[in-house]
């Protein structure tokens, strides 16, 4: 199943720069924006995005976001969105790099704003942009203000918005000066700190949400045994495409058009989603991971273990090394160390609020990278919904009220 936009023909439009595998796009689509174009340079992310968004939603996908060309965006663009690469700004590894050339990709958003003059702007990045790189943030907001935007800078915890993960992210929001900014820049929270379950958002068009890791992953089957995608019973590989050479690299990369299927396990048929393959851990490493307490957060970043009754820490790429699952032996619980393992890509995707219909392309390391770097769709949904209801629809309602008031108070003609 491919996610499809179901809004009206005159829905507000959006473009997505540095789109990755499509987390921002999918959240915006669900919040009522018709995404018309996207840009992504990395090949696995490009293939994943194209497979799941382009044909069904008439989205044109381009490669290089720094090639600014207003003709590739819709006329009278409503929303310019994007999450420029943040590795030079992130403090997950204990340091940041002000001179990282990728930091300048932030200002690609300014270049596109100048070229397309959108009504709204939404830029996602790490909170290190505010805490460690105030000069960059000040320059970014100043440039947007010079273009005629009122700017709000907010830090959001994804766990407050239906994401089972304490992911802190910064959003720089811009509202063109001919529109009224929202009364508050932060979207209303759907989950308060300490609450055990999240609100059910199905009535607003989003699937039931989770707060804890266990709620997010408990209904997944045990993963496939460690194997290359060319050998497991679920995945297709790029090597199987007629137009692509069959070699070691293409046999190791999942084709994004792979769909979930059934496997035979213990004599019964069992549904198995894509990207749900266990890593091959040695006995010594399993025993080492079993000594991590539940909820352990390192250091280092790779020494993290989930607690089933809490949100996960931020999903980070960490060289393709996700946190350790809560199952199996631990200092606080009995269990078998043979059952201790790290999360699969599918489990990380659940924690990021991607639906199981998404298949992530490439090698396992590339899959982890794109899922961890994505904007969680549930968080993007709340950003988009807030911009749409509190600015666009509020503006329309205000204009209509003023027109009615004007007609009611106009003097009769002589």
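The values are calculated or read from the model by the stated rules, or taken from the named source; none is laboratory data. This structure is a prediction, so every number in the text was calculated from the model and none was measured. As a convention, Cβ positions derive from the backbone with ideal geometry for all residues, glycine included, and neighbour counts pool all protein chains shown.
Would you call residue 279 at pLDDT below 95 and within 30 Å of residue 258 (Cα to Cα)? Yes; evaluated as a whole, the condition is true for this residue. Among the residues of the stretch 259-282, write down those that are in a loop (DSSP other than H, G, I, E, B), surrounded by 12 or more Cβ atoms within 10 Å (Cβ to Cβ) and more than 27 Å from the chain's Cα centre (by Cα). Scanning the stretch 259-282 gives a single hit, 281.
This table checks each residue for (1) modelled with pLDDT of 95 or more; (2) farther than 25 Å from residue 23 by Cα; (3) in a loop (DSSP other than H, G, I, E, B); (4) touching a helix residue (DSSP H, G or I) at 6+ places or on another chain (Cβ under 6 Å).
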site	(1), (2), (3), (4)
115	yes, no, no, yes
118	yes, no, yes, no
143	yes, yes, no, yes
150	yes, yes, no, no
154	yes, no, no, no
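Screening the candidates 385, 407 for the property of being within 25 Å of residue 169 (Cα to Cα) and either crowded, with 16+ Cβ neighbours inside 10 Å or modelled with pLDDT under 95 (or both) yields one hit, 385.
Does any residue of the stretch 92-105 turn out to be at pLDDT 90 or above and closer than 12 Å to residue 172 by Cα? No, every residue in the stretch 92-105 fails to be at pLDDT 90 or above and closer than 12 Å to residue 172 by Cα. Of all the listed residues (323, 311), the sole one being at pLDDT below 95, under 16 Å from residue 350 (Cβ atoms) and surrounded by 17 or more Cβ atoms within 10 Å (Cβ to Cβ) is 311. Looking at 340, 345, just one residue is on the phi < 0 side of the Ramachandran plot, modelled with pLDDT of 95 or more and touching a strand residue (DSSP E or B) at 6+ places or on another chain (Cβ under 7 Å), and that residue is 340. The set of residues in the stretch 335-358 being out of contact with any helix residue (DSSP H, G or I) (no Cβ under 7 Å at 6 or more places or on another chain) and crowded, with 24+ Cβ neighbours inside 10 Å consists of 343, 344, 346.
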